[in-house]
1. For A:N224, indicate whether it is at positive phi and either surrounded by fewer than 24 Cβ atoms within 10 Å (Cβ to Cβ) or of a type outside the set (K, R) (or both).
2. In the stretch A:16-33, what count of residues is obtained for those that are assigned to a helix (DSSP H, G or I) and not small (G, A, S)?
3. Take the residues of the stretch B:24-62 that are touching a strand residue (DSSP E or B) at 6+ places or on another chain (Cβ under 6 Å) and among the aromatic types (F, W, Y): which is most open to solvent (accessible area, probe 1.4 Å)?
4. Yes or no: the stretch A:246-265 includes at least one residue that is among the small types (G, A, S), closer than 19 Å to A:T186 by Cα and within 14 Å of chain B (Cβ to nearest Cβ).
5. Hydrophobic (A, V, I, L, M, F, W, C), more than 14 Å from chain B (Cβ to nearest Cβ) and open to solvent by 10 Å² or more (accessible area, probe 1.4 Å), is that true of A:F313?
6. Residues of the stretch B:55-80 being modelled with pLDDT of 95 or more and either among the small types (G, A, S) or assigned by TED's automatic domain parsing to the domain that holds B:A16 (or both), which ones?
7. Regarding B:K13, is this residue without any contact (Cβ under 8 Å) to a residue 40 or more places away in the chain, part of a helix (DSSP H, G or I) and over 28 Å from B:A82 (Cα atoms)?
2 protein chains.
Amino acid sequence: MIPALKDVQAAVKRIAPYVHNTPVLTSATIDAMLKATVYFKCENFQRGGAFKIRGAVNAILQLSEDERARGVITHSSGNFAAALALAASALNTKAYIVMPSNAPSVKRDAVAGYGAQIIDCEPTLKSRESTLIAEQKKKGATFIHPSNDMNVILGHATAVMELAKEAKQLDVVIAPVGGGGLLAGTALAVNHLHYYIETIGAEPFGADDAYLSLKTGKIQPSINPKTIADGLKTQLGDLNFPIIQKLVSKIIRVEENEIIEAMKFIWERMKIVIEPSSAVAVAAIFRNSTEFKNRKVGVILSGGNVDLSNLPF
Amino acid sequence: MIPALKDVQAAVKRIAPYVHNTPVLTSATIDAMLKATVYFKCENFQRGGAFKIRGAVNAILQLSEDERARGVITHSSGNFAAALALAASALNTKAYIVMPSNAPSVKRDAVAGYGAQIIDCEPTLKSRESTLIAEQKKKGATFIHPSNDMNVILGHATAVMELAKEAKQLDVVIAPVGGGGLLAGTALAVNHLHYYIETIGAEPFGADDAYLSLKTGKIQPSINPKTIADGLKTQLGDLNFPIIQKLVSKIIRVEENEIIEAMKFIWERMKIVIEPSSAVAVAAIFRNSTEFKNRKVGVILSGGNVDLSNLPF
């Protein structure tokens with residue numbers, strides 16, 4: 001069930017009018033430290049501040065006219081909530097976002113600001129799911145899962161297609177893994193581009209369900225994840241896991257202090273704001289620096305949405 | 001005593017191999033808020049994290065072989081110290097930096113890291129000047145003033161030349177003013193590009209010596225400046241003031257809370273790290289937004305060197 005190259009290429013073309021082709025940045029300091037050539041795909045500069053709008057736009061554009069008229073619905077308290085709201089707004093579609101009642105007001109404001117309707121639920125998995133199903137039936141809206149939806153995965157795959165245009169002859173691409181949509185999309189695009197490029201996932205030790213899933217051969221739940229990288233607390237899904245299993249060579253796990261140091265380092269040296277989830281991928285190349293030596297490394301900086309009033313440094 | 005367009009063009013060509021042609025970024029959010037088109041020249045992405053290397057490289061490249069062999073010397077505890085050290089290193093010249101004994105260790109480390117020799121002085125104007133003169137004599141090094149040196153001013157002028165190549169038909173360019181080197185350089189380049197483009201300076205109320213200098217017609221000292229924008233605490237010089245007097249239409253002053261809000265806004269929305277001095281220019285366009293409406297506005301984001309452990313938000 002791995003989509004073909006032409007499916008990825010079609011997604012690139014489909015979403016192009018609605019997303020930014022984000023810049024690819026390099027750092028002489030980092031290259032010298034790692035003795036590698038590192039290309040940072042800056043999805044922190046993406047619309048909505050994260051890569052998620054790629055999948056959201058691609059999924060909405062695959063709906064029939066009738067489906068689009070009835071709108072889309074998802075559950076998320078993070079970047080996908082804002083991304084689906086923003087994508088729906090750009091595509092004249094109604095978006096319903098099921099959010100836990102304890103979601104930070106800054107995230108609720110962002111979603112509401114893009115014109116989506118917020119539907120409150122209790123901060124439990126059960127309430128979230130039952131609220132979603134009830135609302136979905138009531139509105140007739142199409143459910144778009146934040147990471148376990150093939151159109152979302154294909155949308156997310158477009159970031160690395162753009163990266164590969166600017167950074168020729170990559171040896172390895174590394175992306176953070178939470179729900180698995182970005183990593184699966186990255187892996188399938190990478191695999192179609194050049195079979196010899198390696199795809200690596202990066203994950204906090206405090207939320208290493210993807211690592212354990214690969215190790216055990218079946219999806220492990222994310223139980224009480226503890227990490228500053230709040231975008232990576234979710235678990236893999238049955239659509240993205242087989243892709244990750246087949247095409248990702250490994251998951252590198254990093255400690256919390258490594259995430260914070262990597263985040264601070266990127267802010268200080270590259271003068272760009274990245275969120276902890278992005279810093280997980282950076283921390284992984286620093287932690288395992290010897291294996292990246294003399295290689296051309298692509299890093300997906302997944303987003304830049306942080307609460308500046310609550311920084312870890 | 002205003003240099004000609006060809007002098008600016010020569011500086012552009014001269015320094016090009018040693019500096020970054022930094023990106024020009026835009027923000028749909030900011031344009032919508034201001035009903036203007038704003039082009040941000042991102043000197044926070046410049047080598048050393050600030051525009052200052054432009055002037056430093058240009059000044060060193062104008063020295064004779066004999067002078068270069070004896071090295072350069074300056075006094076600075078801020079961005080110019082690091083910039084001259086970095087420029088000297090790139091050009092195989094020795095740099096001596098007179099720094100007050102209470103300069104932050106992060107700044108001392110940066111200067112030392114670029115291979116310059118730090119010469120300590122007491123944290124007084126008198127000690128700084130006497131130390132500089134004594135050392136200059138001892139080493140035979142050429143003194144390069146951080147802002148009141150025509151080659152430094154011409155070097156700084158190159159940023160807006162690059163900006164104008166990407167942002168066509170600018171109506172106004174705004175830059176922060178501290179020692180006056182960037183503002184004078186910007187104004188003279190702007191004036192040569194198109195006589196009808198306006199150049200505006202931006203300054204904190206707590207360090208408004210440039211505003212007062214323009215008002216009174218003579219250079220006013222910067223007495224007990226109080227502002228978070230520590231790069232703007234210095235006063236104008238006899239070489240840059242006449243240029244500013246002739247070619248800058250006005251200085252907009254901003255409050256400290258406006259500087260902090262503008263800085264936070266740029267970090268949050270544009271996902272880039274700018275220092276308070278850069279935020280002064282952004283705060284100025286927000287404060288006087290009506291006068292920028294429907295205009296094409298160039299903003300020089302002068303640098304991105306901040307202490308992340310000591311943020312104002």
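The values are calculated or read from the model by the stated rules, or taken from the named source; none is laboratory data. This one's a predicted model, so the numbers in the text were calculated from it and none came from an experiment. Because the Cβ atoms are built from the backbone with ideal geometry, glycine has one as well, and the counts that use them run over all protein chains shown. Accessible surface areas use protein heavy atoms only, side chains included; no ligands, DNA or RNA. Shrake-Rupley method; radii C 1.70, N 1.55, O 1.52, S 1.80 Å.
1. Values: at positive phi: yes; either surrounded by fewer than 24 Cβ atoms within 10 Å (Cβ to Cβ) or of a type outside the set (K, R) (or both): yes.
It is true that A:N224 is at positive phi and either surrounded by fewer than 24 Cβ atoms within 10 Å (Cβ to Cβ) or of a type outside the set (K, R) (or both).
2. Of the residues in the stretch A:16-33, the ones assigned to a helix (DSSP H, G or I) are A:16-18, A:28-33.
Those still in the list that are not small (G, A, S) too: A:17-18, A:29-31, A:33.
Qualifying residue count for the region: 6.
3. Residue satisfying both the conditions and the ranking: B:Y39.
4. Residues of the stretch A:246-265 that are among the small types (G, A, S), as a first pass: A:249, A:262.
Those still in the list that are closer than 19 Å to A:T186 by Cα too: A:249.
Imposing the further condition that a residue be within 14 Å of chain B (Cβ to nearest Cβ) reduces the set to none.
Within the stretch A:246-265, none of the residues are among the small types (G, A, S), closer than 19 Å to A:T186 by Cα and within 14 Å of chain B (Cβ to nearest Cβ).
5. Details: hydrophobic (A, V, I, L, M, F, W, C): yes; more than 14 Å from chain B (Cβ to nearest Cβ): no; open to solvent by 10 Å² or more (accessible area, probe 1.4 Å): yes.
No, not satisfied.
6. If the condition is that a residue be modelled with pLDDT of 95 or more and either among the small types (G, A, S) or assigned by TED's automatic domain parsing to the domain that holds B:A16 (or both), then B:G55, B:A56, B:A59, B:S64, B:A69, B:G71 are the ones that fit.
7. Values: without any contact (Cβ under 8 Å) to a residue 40 or more places away in the chain: yes; part of a helix (DSSP H, G or I): yes; over 28 Å from B:A82 (Cα atoms): no.
Against the criterion (without any contact (Cβ under 8 Å) to a residue 40 or more places away in the chain, part of a helix (DSSP H, G or I) and over 28 Å from B:A82 (Cα atoms)), B:K13 does not qualify.
Per-residue answers, yes or no, for (1) part of a loop (DSSP other than H, G, I, E, B); (2) surrounded by fewer than 21 Cβ atoms within 10 Å (Cβ to Cβ); (3) in contact with a Ser or Thr (Cβ under 6 Å, 6 or more places away or on another chain):
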| residue | (1), (2), (3) |
| --- | --- |
| B:R108 | no, yes, no |
| B:K126 | no, yes, no |
| B:K138 | no, yes, no |
| B:G155 | no, no, no |
| B:M161 | no, yes, no |
| B:K168 | yes, yes, no |
| B:G178 | yes, no, yes |
| B:G185 | no, no, no |
| B:G201 | no, no, no |
